[in-house]
1. Could you run through segment 30-48 and say how many residues are farther than 17 Å from Val81 by Cβ and either surrounded by fewer than 16 Cβ atoms within 10 Å (Cβ to Cβ) or of a type in the set (A, V, I, L, M) (or both)?
2. Working only within segment 34-66, note down all residues that are part of a helix (DSSP H, G or I) and in contact with a Phe, Trp or Tyr (Cβ under 6 Å, 6 or more places away or on another chain).
3. Among the helices (runs of 4 or more DSSP H) confined wholly to segment 71-161, which include 2 or more residues that are among the aliphatic types (A, V, I, L, M)?
4. Would you check if Gly93 is small (Gly, Ala, Ser), over 28 Å from Ala37 (Cβ atoms), over 14 Å from the mean Cα position of the chain (by Cα) and surrounded by 14 or more Cβ atoms within 10 Å (Cβ to Cβ)?
5. Looking at segment 131-158, which of the residues that are of a type in the set (S, T, N, Q) and within 20 Å of Ile59 (Cβ to Cβ) is nearest to the chain's Cα centre (by Cα)?
6. Looking at segment 5-28, which of its residues are assigned to a loop (DSSP other than H, G, I, E, B) and surrounded by 14 or more Cβ atoms within 10 Å (Cβ to Cβ)?
7. What number goes with the only condition from (1) acidic (Asp, Glu); (2) in a loop (DSSP other than H, G, I, E, B); (3) crowded, with 18+ Cβ neighbours inside 10 Å that Glu170 does not pass?
8. Does any residue in segment 94-123 that is touching a residue at least 60 places away in the same chain (Cβ under 8 Å) come within less than 6 Å, Cβ to Cβ, of a residue that is part of a helix (DSSP H, G or I) and not hydrophobic (A, V, I, L, M, F, W, C) six or more places away or on a different chain, and which pairs are these?
Amino acid sequence: MARIQPLDPPYREDIQELFDLAMPPGMDPLVLFRVLARNDRIFPRFMRSGVLDKGPVPIRDREIVIHRTTARCRAEYEWGVHVNAFGRPLELGDDVLRATVVGEADDPAFDERQSLLVTLSDELHDTSSLSDATWARLRETYDELQIQELIYTAGFYHTVSFLCNAMGLENESFAATFEEMAAT
């Protein structure tokens, strides 16, 4: 049970407009969004600060960073949402999705680009920085704006992970679980 009760409908118009930024038509807002919607200061900032729009980083690359970051933070709620809402539709195979939880950067499930993104995620998670070697490798594949966005994405999903874990959010009914992924 969430430590903060999620907001129940009917929602104020301004809150519904923010839900609509991130939710497909006809889908109920995520529990995370409904819990944050109780806070008029945080919720609008949170909903406008994400990177799920079309940006300079390819969506599959962004998702590897999100999956690895949330897995390293043990944020099963957010990892599981992204597995089924983005990872599988993008055809990131179960071997890749599993490796975001239990693999290392050199896991055979990852291609060279995914391995680099896992390295970025791991270094940021472990040291809050990037080594010169990783920066040089990133520069071979991405421009400066893309690298900034990758760093921002990892940082944003650390925040999301902190929120999900500390508020005790239970997995969404449609979300994957670490246990399910380990069994495949």
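1. Initially, segment 30-48 is screened for residues farther than 17 Å from Val81 by Cβ, giving 38-45, 48.
Next cut, either surrounded by fewer than 16 Cβ atoms within 10 Å (Cβ to Cβ) or of a type in the set (A, V, I, L, M) (or both) only: 38-42, 45, 48.
The qualifying residues number 7.
2. First, pick out the residues of segment 34-66 that are part of a helix (DSSP H, G or I): 34-36, 42-48, 59-66.
The answer is Leu36, Glu63, Ile66.
3. Working: elements: 76-82, 94-102, 112-127, 132-141.
Passing ranges, in order: 94-102, 112-127, 132-141.
4. Working: small (Gly, Ala, Ser): yes; over 28 Å from Ala37 (Cβ atoms): yes; over 14 Å from the mean Cα position of the chain (by Cα): yes; surrounded by 14 or more Cβ atoms within 10 Å (Cβ to Cβ): no.
For Gly93, the condition - small (Gly, Ala, Ser), over 28 Å from Ala37 (Cβ atoms), over 14 Å from the mean Cα position of the chain (by Cα) and surrounded by 14 or more Cβ atoms within 10 Å (Cβ to Cβ) - is not met.
5. So in segment 131-158, the residues of a type in the set (S, T, N, Q) come out as 131, 134, 141, 146, 148, 153.
With within 20 Å of Ile59 (Cβ to Cβ) added as a condition, the list becomes 141, 146, 148, 153.
Values: Thr141: 21, Gln146: 17, Gln148: 16, Thr153: 8 Å.
Top of the filtered list is Thr153.
6. Of the residues in segment 5-28, the ones assigned to a loop (DSSP other than H, G, I, E, B) are 5-12, 23-28.
The answer is Pro6, Leu7, Tyr11, Met23.
7. Failing condition for Glu170: (3).
8. Partner pairs satisfying both residue conditions: Leu97/Gly87.
Values quoted throughout were computed directly from the atomic coordinates according to the rules given, and no laboratory measurement underlies them. None of the values given here were measured: they were computed from a predicted structure. Note that each Cβ is placed from the backbone with ideal geometry, even for glycine, and that neighbours are counted across all protein chains shown.
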